[in-house]
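Notes to accompany the following structure.
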Amino acid sequence: MKRVYFDNAATTPIAPEVIEAMVPVLREQYGNPSSIHAEGRSARALIEAARKTVARCIGASTADIFFTSGGTESNNMALKCAVRDLGVQRIISSPTEHHCGLHSIGSLEQEQGVEVVWLPVDNRGRVDLEVLEQQLAAGGSKKTLVSLMHANNEIGTMLDLERVSAICEAHQALFHSDTVQTIGHCPINVSTMQINFLSGAAHKFHGPKGVGFIYINPDTPIRPFIDGGAQERNMRGGTENIYGIVGLARALELATGEMEQRHRHILALRQHMQEQLAAHFDGISFLGDYDGTFLHKVLNVSFPPSPKNELLLLSLDIAGVSASGGSACSSGAEKASHVLEAIVADPERKSVRFSFSHYNTRDEVDFVIEQLCTILPARAAASV
């Protein structure tokens, strides 16, 4: 059975070149990077070469990159260590952040007494930066951290990183950004803006799962989030995931080197799907800043009310299409998406997120449209 994968915002298939880079490490590089013998030194050299590659890809110094288990750990590390080590008393964020950010902030509010300010977002998920400036101006002497994601994982709305960086710098606030969805997909250069913490995860740009990194500005040093040995230059205890780190670096190197051509290809697929959906179905709309400043790999489609909506994702899966919805399952109960609630999306409509990669094709988009036409009411005269 033919299957089409359009859930690349959730995770991506590992690139063949990345697997090729990882296999020799799995087979031959079994040394512990903390050991001083030849096997240990060889493993250590691989990690440091990977660190140099990651740093180069985002305009950072090699000393500012630390490998982690992924975006969730990196975001937890930035937020919680900023409070513990840098005297942060107030966090300004948005209600549309990823759960790892929201839950970390909630934990800090409840357990550490940190003041939390939630910025308003409009019906496209755009953060009100004027309110951000007002809140920073009114903050008094409280040490403040602004934590805002670069691109929303559900609706693709993007933040102007450089503008937020300038606002934070003007008000002497720290700035953390969850860039898990944009690293390897959008140009990011930390040397051109003031940013204190930035997060990345390999599996979002065709690398392996279970490995990520955090950029830490040297002006805001923090202590380890995970205690243990002296790994990661005393910043993260635990024996390093050598083959994962090598895979991450290779994936990011490929993604950065091919960024423009991948962007053009994916954007064309996204536009084709928008056009085909509008041509085949009445009442279709799109969520997020879909025709403004958007993440090119994400298209969140809002389908009009229909008796078949509740089973739409399951029907697509049965038809061979992998996509995700605007709701999450928790303890067996359907739970509304916090992002869709924040932008006041119509709960009677069904949200489906299609997210693309450079491996996808125009024919696959047409296949999805064909399957949707067998599931939902479509215009009889329309043809793919």
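Given that just one value was derived from the coordinates, which of (1) 69, 56, 40; (2) 81, 43, 40; (3) 74, 42, 41 is Cα extents along the principal axes in Å? Label (1) holds the value from this structure.
Each part gets one Cα centre, and for the stretch 332-361 versus the stretch 175-200 those centres are 24 Å apart. Put in line by how crowded their Cβ is, counting other Cβ atoms within 10 Å and starting with the fewest, Cys100, Cys168 read Cys100, Cys168.
Mind sorting Ser61, Ser94, Ser322 by how few other Cβ atoms lie within 10 Å of their own Cβ, fewest first?
The most exposed by this proxy come first: Ser61, Ser322, Ser94.
With r as the distance between the Cβ atoms of Asp160 and His272 and R0 = 30 Å, compute the FRET efficiency 1/(1 + (r/R0)^6) and round to 0.05. Before the final figure, lay out the partial values.
Values: r = 27 Å, r/R0 = 0.91.
E between His272 and Asp160, to the nearest 0.05, is 0.65.
State the extension gain, in nm to one decimal, for the chain segment bounded by His103 and Asp363, taking 0.36 nm per residue of separation less the distance between their alpha-carbons.
The His103-Asp363 span can extend by a further 89.6 nm.
To the nearest Å, what is the center-to-center distance of the stretch 55-78 and the stretch 15-31, using C-alpha atoms only? With the stretch 55-78 and the stretch 15-31 each reduced to a Cα centre, they are spaced 21 Å.
Fewest neighbouring Cβ atoms within 10 Å first, the residues Asp227, Asp128 line up as Asp227, Asp128.
With contacts taken as Cα pairs under 8 Å and at least 6 residues apart, the stretch 208-336 reaches a relative contact order of 13 percent. Between Ala170 and Glu28, the modelled labels are 5.5 nm apart [label points 7 Å from Cα along Cα→Cβ].
Here's how it looks for Val321: its modeled amide H is under 5 Å from those of Val4, which are all 5 or more places away or on a different chain. Each residue of the stretch 203-214 was assigned a 3J(HN,Hα) from its phi angle through the Karplus curve 6.51 cos²θ - 1.76 cosθ + 1.60 (θ = phi - 60°); the sequence is 6, 8, 10, 6, x, x, 7, x, 8, x, 8, 10 Hz, with glycine and proline shown as x. With a cut-off of 14 Å between beta carbons, the residues surrounding Thr256 carry a summed charge of +1, where Lys and Arg count +1 and Asp and Glu -1.
Per 0.36 nm of contour for each residue apart, how much would the distance between Arg3 and Ala378 grow if the chain were fully extended, relative to their Cα-Cα spacing?
132.8 nm
Model label sites at Glu133 and Ile318, defined 7 Å from Cα along the beta-carbon direction, differ in position by 5.4 nm. If both residues of a DSSP beta bridge must be in the chain, then about 65% of such bridges are antiparallel.
Here the relative contact order of the chain, from alpha carbon pairs under 8 Å that lie six or more residues apart, stands at 23 percent. Taking only the Cα atoms of the stretch 60-129, the radius of gyration and Dmax are 13.6, 40 Å. Straight-line cross-link partners of Lys80 among the lysines, defined as a Cα under 20 Å from its Cα and at least 8 positions apart when in the same chain: Lys142, Lys143. Around Ser34, under 10 Å between beta carbons, what's the net of Lys plus Arg minus Asp minus Glu among the other residues? Residues near Ser34 contribute 0 overall. Summing Cβ point charges (Lys, Arg +1; Asp, Glu -1) relative to the Cα centre of the chain gives a dipole of roughly 660 debye. Modelled spin labels at Gln89 and Glu310, positioned 7 Å past Cα toward Cβ, are 5.1 nm from each other.
Straight Cα distances below 23 angstrom link Lys204 to the lysines Lys52, Lys297, with same-chain residues fewer than 8 positions distant left out.
Just so you know, all these numbers are worked out from the coordinates, no wet-lab data involved. The structure displayed is predicted, hence computed values, not measured ones. Backbone-built Cβ (ideal geometry, glycine too); neighbour counts: all protein chains shown.
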